[in-house]
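Novice: The structure that follows is given in the form of structure tokens.
The values are calculated or read from the model by the stated rules, or taken from the named source; none is laboratory data. These numbers come from a predicted model, not from an experiment. Reconstructed Cβ throughout: ideal geometry from the backbone, glycine too, with neighbour counts over all protein chains shown.
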Amino acid sequence: MIRLRRYLVAGLLVWVPLGVTILLIGFAVRQMDKILAIVPEPYQPRNLLQALFGTQNPVEIPGFGVILILVLVLLTGVFVANFVGRFFVGGWESLLDRIPIVRAIYGGAKNFAEIIFSDTNDSFKNVLLIEYPRKGIYSLAFQTATRLGEVQGRTGEDVICCFVPTTPNPTSGFIIIVPRKDVTVLDMDVDEALKMIISLGVVVPNWRNDKTGELPFRTPDDTM
């Protein structure tokens, strides 16, 4: 029975993540395909393929919505990268900035997108280990900012803004200002830290760098 259970769990560990991935990707593709509704009926891909192949019914091929969205995003990027596009976007944002509720939603969404997609921003680039909520107790955190202006000036220290996520929902958490000398930058990637947080600490990333000898304490595995 123990061996049977081991085999069953091993099989589930293969098929459950694969099934969830396929379901989520399929759902995303179906939602993106709905954007084809904005294309005039005679020019929709299924009707063009029907005319091309001479079939009686429209040819349904999933994924054209994804291609259309990628092309639309690419063309938008090309447009806003020049002077005319920047002028147009600036006027659009100036208009939205005058609408009270829309201003808050659009501004927050834009700031979040800039943090996530910008390569020049240092936000969420490092996983940190800090002593929180008190000395001797450690928490995982993400670096969000290192140039804190007035906050850094009034503290008189070199400080880092850290986001301490809650578990199992890492989208909520706390903003903490921590002196740089009290922060330890971990080797694990951001996605590995998120997996550890969401799994309540069950999924622990493999430490690829063998630096045990450099640490003040030995790891629990070495003392067994």
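Matching residues to (1) exposed (fewer than 11 other Cβ atoms within 10 Å of the Cβ); (2) in a helix (DSSP H, G or I); (3) touching a Ser or Thr at 6+ places or on another chain (Cβ under 7 Å); (4) at pLDDT below 80:
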{"position": "Val59", "(1), (2), (3), (4)": "no, no, no, yes"}
{"position": "Thr76", "(1), (2), (3), (4)": "no, yes, no, no"}
{"position": "Arg98", "(1), (2), (3), (4)": "yes, no, no, no"}
{"position": "Gly108", "(1), (2), (3), (4)": "yes, yes, no, yes"}
{"position": "Ala113", "(1), (2), (3), (4)": "yes, yes, no, yes"}
{"position": "Asp122", "(1), (2), (3), (4)": "no, no, yes, yes"}
{"position": "Leu128", "(1), (2), (3), (4)": "no, no, yes, no"}
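Novice: Report yes if some residue within segment 147-167 is within 30 Å of Thr76 (Cα to Cα) and in contact with a strand residue (DSSP E or B) (Cβ under 7 Å, 6 or more places away or on another chain); otherwise report no. Before you say what the answer is, go through the steps one by one.
Specialist: The initial filter retains those residues of segment 147-167 that are within 30 Å of Thr76 (Cα to Cα), namely none.
No: segment 147-167 contains no residue that is within 30 Å of Thr76 (Cα to Cα) and in contact with a strand residue (DSSP E or B) (Cβ under 7 Å, 6 or more places away or on another chain).
Novice: Conditions: (1) farther than 30 Å from Val204 by Cβ; (2) at pLDDT 85 or above; (3) within 22 Å of the chain's Cα centre (by Cα). Val102 meets all but one. Number of the miss?
Specialist: Every listed condition holds for Val102 apart from (3).
Novice: Among the residues of segment 188-208, how many are exposed (fewer than 12 other Cβ atoms within 10 Å of the Cβ) and either free of Cβ contacts under 8 Å to residues at least 24 places away in the same chain or among the aromatic types (Phe, Trp, Tyr) (or both)?
Specialist: Final tally of qualifying residues: 5.
Novice: Same structure, new question: Checking Val20 against (1) in a loop (DSSP other than H, G, I, E, B); (2) modelled with pLDDT of 85 or more, which single condition isn't satisfied?
Specialist: (1)
Novice: Here's something else I'd like to know. Filter segment 38-57 down to the residues that are hydroxyl-bearing (Ser, Thr, Tyr) and either under 22 Å from Ile22 (Cβ atoms) or assigned to a helix (DSSP H, G or I) (or both) and list them by number.
Specialist: Tyr43
Novice: What pairs come out if I take residues in segment 74-102 that are closer than 21 Å to Phe117 by Cβ and pair them with residues that are among the small types (Gly, Ala, Ser) and assigned to a helix (DSSP H, G or I) whose C-beta lies under 7 Å away, six or more apart or interchain?
Specialist: Phe79/Gly85
Novice: Continuing with this model, one more query. Being under 12 Å from Asp182 (Cα atoms) and touching a residue at least 24 places away in the same chain (Cβ under 8 Å) is the filter here, so list the residues in segment 128-142 that pass it.
Specialist: Leu128, Leu129, Ile130, Glu131, Tyr132
Novice: Find all pairs meeting these conditions: Cβ atoms under 8 angstrom apart; at least six residues apart or on different chains; first residue within segment 144-156 and free of Cβ contacts under 8 Å to residues at least 24 places away in the same chain; second residue assigned to a loop (DSSP other than H, G, I, E, B) and surrounded by 10 or more Cβ atoms within 10 Å (Cβ to Cβ).
Specialist: Cβ pairs passing all conditions: Ala145/Asp122; Ala145/Ser123; Gln152/Asp158.
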